[in-house]
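Peer 1: One structure is given below, represented as structure tokens, and several questions about it will come after.
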Amino acid sequence: MSPYRRIAVPTSRLILVAVTLDVQHAEVDGREHFAARLDADVPPDWPPPLSDESSMHWVLDYLRAHPSDEGWTKWYFLLSRPGARAIVIGNGGFTGAPSEDGTVEVGYSIVETHQRQGYAPEAVRGLTAWAFAHANVKRLIAHTLPELRPSIRVLEKCGFTFVGDGTEAGTIRFELLPPR
């Protein structure tokens with residue numbers, strides 16, 4: 001396993017890799033640097049929806065300010081391919097370390113060419129398992145827009161329940177409590 005994979009979560013088809021400061025820098029620097037540092041192919045339709053320069057720089061700023069919070073920001077979703085190098089098909093993760101009440105917000109995005117194949121629920125399940133393995137995590141939340149039915153289905157497949165309006169105008173919120 002490459003040294004950048006300090007925190008990795010395998011699922012049945014994916015390897016979820018917590019971003020590090022150096023890998024996030026590589027993504028900002030361009031596709032070739034990113035592919036080399038991640039040791040994975042990068043598809044032509046990278047980055048996935050809602051992943052832009054602003055979000056990349058937010059991750060850089062967060063990790064610089066909170067170096068011990070690795071794993072509580074962005075993760076890359078790598079599709080394992082027997083006999084070939086993995087391909088990065090999405091990203092997601094958390095909006096920071098758990099709050100004082102144990103709440104963590106999760107998000108996810110898959111490149112268009114790999115959507116509707118069950119990768120988003122698989123990745124979210126892996127992320128939620130990783131988060132709930134930390135005793136201080138008491139609840140996961142997720143926000144989406146009411147018209148994003150595929151995103152809502154991902155949350156429902158992963159056991160999240162609708163709890164009402166989100167924190168940003170026009171969004172709705174879902175919640176998941178740890179397994180008992």
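The values are calculated or read from the model by the stated rules, or taken from the named source; none is laboratory data. All values derive from a computational prediction rather than experimental measurement. Counting neighbours? That spans all protein chains shown, and the Cβs are built from the backbone with ideal geometry, glycine included.
Peer 1: Would you mind finding the one in ARG37, ARG31 that is surrounded by fewer than 21 Cβ atoms within 10 Å (Cβ to Cβ), in contact with a helix residue (DSSP H, G or I) (Cβ under 6 Å, 6 or more places away or on another chain), more than 27 Å from ILE152 (Cα to Cα) and modelled with pLDDT under 95?
Peer 2: Only one candidate qualifies: ARG37.
Peer 1: Do you know which residues across segment 157-180 are surrounded by fewer than 16 Cβ atoms within 10 Å (Cβ to Cβ), of a type in the set (A, V, I, L, M, F, W, C) and closer than 22 Å to ARG116 by Cα?
Peer 2: PHE162
Peer 1: Can I ask one more? Could you list all residues from segment 115-150 that are in a helix (DSSP H, G or I) and either free of Cβ contacts under 8 Å to residues at least 40 places away in the same chain or farther than 23 Å from PRO98 by Cα (or both)?
Peer 2: Residues satisfying the conditions are TYR119, ALA120, PRO121, VAL124, ALA131, ARG149, PRO150.
Peer 1: Scan segment 151-180 for residues that are on the phi > 0 side of the Ramachandran plot and either outside any strand (DSSP E or B) or at pLDDT below 95 (or both) and jot them down.
Peer 2: Listed by number, the residues that qualify are GLY159, GLY170.
Peer 1: Go through segment 40-77 and report how many residues are part of a loop (DSSP other than H, G, I, E, B), crowded, with 20+ Cβ neighbours inside 10 Å and of a type in the set (Phe, Trp, Tyr).
Peer 2: The number of residues fulfilling the criteria is 1.
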